[in-house]
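Encoded as structure tokens, the structure appears first; notes follow it.
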Amino acid sequence: MNRIQRLSLTVIFTVSVGLIPIVLGIYAGTTYGFSEADLKKLLESGNCPGCDLHGANLGSADLSGANLQDANLSGGVNLGGAKLIGANLVGANLSGANLHEATLEDANLINAKLFGANLVNADLNDANLQDADLSGANLSGANLKDTTLDGTRLSGANLYNADLSGTDLSNTFLGGSNVNGAVFVGTTGLTDEQKADFKKLGAKLD
């Protein structure tokens with residue numbers, strides 16, 4: 001066997017051995033995402049602050065009143081249609097999460113990270129989004145009536161047909177957001193310039 005043949009066999013053997021743990025992990029059903037223990041804790045007790053649930057499937061789950069403060073709910077976690085009424089999501093990471101048609105009425109989302117999240121047709125009525133980051137989030141058709149938006153970042157967010165009636169927008173970041181069809185009836189805090197711009201963009205004001 002010449003030197004080239006020996007070298008080729010060595011490379012093949014090394015690569016094959018390196019793949020063994022990966023293959024074994026796949027067939028053993030190893031989970032490389034959320035903590036199953038944390039998921040069980042949440043579903044059984046509703047109390048899971050700081051839990052790692054990134055990428056978990058919680059679609060249509062009833063998590064009303066749950067304590068998920070500082071929890072990791074990023075990585076495409078599915079909360080579509082979930083009920084999170086009155087839930088504590090202070091400081092939670094929901095970036096990129098699917099919250100399509102989720103109910104977040106009265107939820108506490110202070111300092112929550114929701115950039116890039118899917119909140120299409122979500123119900124955020126009377127929720128507290130103070131200092132939350134929803135940059136680039138899709139809030140098309142969302143209900144944001146009477147929602148606290150003090151210091152909230154909505155830069156680049158899609159607010160198409162969203163209802164922001166009764167909100168105070170005096171300290172809300174709205175640069176680059178899509179406000180076509182959005183309802184701003186009874187809102188406060190918008191400058192005359194913003195009102196004029198929003199009307200031109202198809203928003204509905206007083």
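Since every read-out is calculated from the coordinates, none of them should be taken as a lab result. These numbers were taken from a predicted model, which means no experiment stands behind them. Positions of Cβ are generated from backbone atoms using ideal geometry, with glycine treated the same way; all protein chains shown enter the neighbour counts.
Brief remarks on what is shown
- Within straight-line reach of residue 195, meaning a Cα separation under 16 Å, sit the following aspartates and glutamates at least 8 residues removed in sequence or on another chain: 163, 168, 206.
- Extension gain, residue 170-residue 40: 0.36 nm per intervening residue step, less the Cα-Cα distance, totals 42.7 nm.
- Fewest-first ranking of 40, 204, 113, using other Cβ atoms within 10 Å as the exposure measure: 40, 204, 113
- A convex hull fitted to the Cα coordinates of region 18-169 yields 104 cubic angstrom per residue.
- Of 113/199; 145/199; 83/200; 83/113, pairs whose Cα-Cα distance is over 26 Å: 113/199; 83/200
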